[in-house]
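Asks: Here it is, the structure, as structure tokens.
The values are calculated or read from the model by the stated rules, or taken from the named source; none is laboratory data. Only a predicted model underlies this, so the values are computations on that prediction, with no experimental measurement involved. Glycine gets a Cβ as well: all are built from the backbone with ideal geometry, and neighbour counts include every protein chain shown.
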């Protein structure tokens, strides 16, 4: 293994000393190693990003890579990065990771990832996923971490990779998704609050799309229709309100598409045996296009009977 690493280093050095490029035969003669072995070492250097190759007809010419050292790149990445070898030892971490867990580089390099897990990342499924990544299977998990001041939400990607020595490794890319999680939770809570409020409103309300489908309907209106909200969502409003298979003549939902203004409409509905007053207001998107309507119903039967 040590000889193998030494010969890789020699090939890298030869390429750096000859930036105009060398063929496999050139390198083989220079370091007195057979062409097959040189080809194998060059394949490793190509895969690990330490060499580049350009084909000139049948000849392949190899050059030293012009890449930025990976350690420098990692420190410009906002995610938290750990690189692990096939023995589950840590071979590289970026500064963001060190800062997050308040640890020093020399305290983690060369140590097994298990040791780090005991201290910081207490995630049972991490090791099995790392082993799967060593077999070429990419995966990701979400987890939480809490330090002295803050709770974090992380998404951890397990990426199969090839290390500088050509051996398999795993890159753990730990993305901080705390803001997204908090925003999603707030949105979910807001939606739940809205649903609760929507169903507590005594007025009878429904929301329809442009195809006359009931998108939302509150409990008050569903009760009036002697049904449940979940049974009415997705049905055509004219089917539910009028018992027909086509829109009502002079339907206010059609009128608002022309006027783009609220329409107030009163009618007697034989299907329901009710006098109804309805306020229909357009829902307008950012481009000024109508995407649906908000409909507020009122049962005015008693008023009409006693008038």
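Asks: Determine which member of the set 227, 250 is out of contact with any helix residue (DSSP H, G or I) (no Cβ under 6 Å at 6 or more places or on another chain) and either part of a helix (DSSP H, G or I) or within 20 Å of residue 301 (Cα to Cα) (or both).
Replies: 227
Asks: Same structure, new question: So the check is Cβ under 7 Å with 6+ separation or different chains; which pairs have a first residue in segment 84-103 that's on the phi > 0 side of the Ramachandran plot and modelled with pLDDT of 85 or more and a second one that's assigned to a helix (DSSP H, G or I) and surrounded by fewer than 17 Cβ atoms within 10 Å (Cβ to Cβ)?
Replies: Partner pairs satisfying both residue conditions: 88/114.
Asks: Does residue 272 count as under 25 Å from residue 304 (Cα atoms) and part of a helix (DSSP H, G or I)?
Replies: Against the criterion (under 25 Å from residue 304 (Cα atoms) and part of a helix (DSSP H, G or I)), residue 272 does not qualify.
Asks: Looking for something assigned to a strand (DSSP E or B), modelled with pLDDT of 85 or more and either exposed (fewer than 12 other Cβ atoms within 10 Å of the Cβ) or more than 20 Å from the chain's Cα centre (by Cα) (or both) - is there at least one such residue anywhere in segment 179-200?
Replies: No, because not a single residue in segment 179-200 is assigned to a strand (DSSP E or B), modelled with pLDDT of 85 or more and either exposed (fewer than 12 other Cβ atoms within 10 Å of the Cβ) or more than 20 Å from the chain's Cα centre (by Cα) (or both).
Asks: Another one. Could you count how many residues in segment 253-272 are without any contact (Cβ under 8 Å) to a residue 24 or more places away in the chain and either touching a helix residue (DSSP H, G or I) at 6+ places or on another chain (Cβ under 8 Å) or over 14 Å from residue 242 (Cα atoms) (or both)?
Replies: Counting residues in segment 253-272 that are without any contact (Cβ under 8 Å) to a residue 24 or more places away in the chain and either touching a helix residue (DSSP H, G or I) at 6+ places or on another chain (Cβ under 8 Å) or over 14 Å from residue 242 (Cα atoms) (or both) gives 8.
Asks: Hey, can you tell me all the residues within segment 255-271 that are surrounded by 13 or more Cβ atoms within 10 Å (Cβ to Cβ) and closer than 13 Å to residue 298 by Cα?
Replies: 265, 267, 269 - these are the residues of segment 255-271 that are surrounded by 13 or more Cβ atoms within 10 Å (Cβ to Cβ) and closer than 13 Å to residue 298 by Cα.
Asks: Scan segment 272-291 for residues that are on the phi > 0 side of the Ramachandran plot and modelled with pLDDT of 90 or more and jot them down.
Replies: 273
Asks: Would it be correct to say that residue 170 is crowded, with 16+ Cβ neighbours inside 10 Å and either in the same structural domain as residue 45 (by TED's automatic domain parsing) or assigned to a helix (DSSP H, G or I) (or both)?
Replies: It is false that residue 170 is crowded, with 16+ Cβ neighbours inside 10 Å and either in the same structural domain as residue 45 (by TED's automatic domain parsing) or assigned to a helix (DSSP H, G or I) (or both).
Asks: Among residues belonging to segment 12-38 that are in contact with a strand residue (DSSP E or B) (Cβ under 9 Å, 6 or more places away or on another chain) and closer than 27 Å to residue 160 by Cβ, point out the one that is surrounded by the fewest Cβ atoms within 10 Å (Cβ to Cβ).
Replies: The residue in question is 12.
Asks: Determine whether residue 191 is in the same structural domain as residue 222 (by TED's automatic domain parsing) and more than 30 Å from residue 132 (Cα to Cα).
Replies: no
Asks: Being modelled with pLDDT under 90 and in the same structural domain as residue 293 (by TED's automatic domain parsing) is true for just one of 213, 218, 250. Which residue is that?
Replies: None of the others qualify; the one that does is 250.
Asks: Pick out the one residue from 199, 227, 218 that is in contact with a strand residue (DSSP E or B) (Cβ under 7 Å, 6 or more places away or on another chain) and farther than 23 Å from residue 304 by Cα.
Replies: 218
Asks: I would also like to ask the following. Considering only residues that are surrounded by fewer than 14 Cβ atoms within 10 Å (Cβ to Cβ) and under 16 Å from residue 167 (Cα atoms), look in segment 41-57 and name the one that is modelled with the lowest pLDDT.
Replies: Among those that are surrounded by fewer than 14 Cβ atoms within 10 Å (Cβ to Cβ) and under 16 Å from residue 167 (Cα atoms), it is 49.
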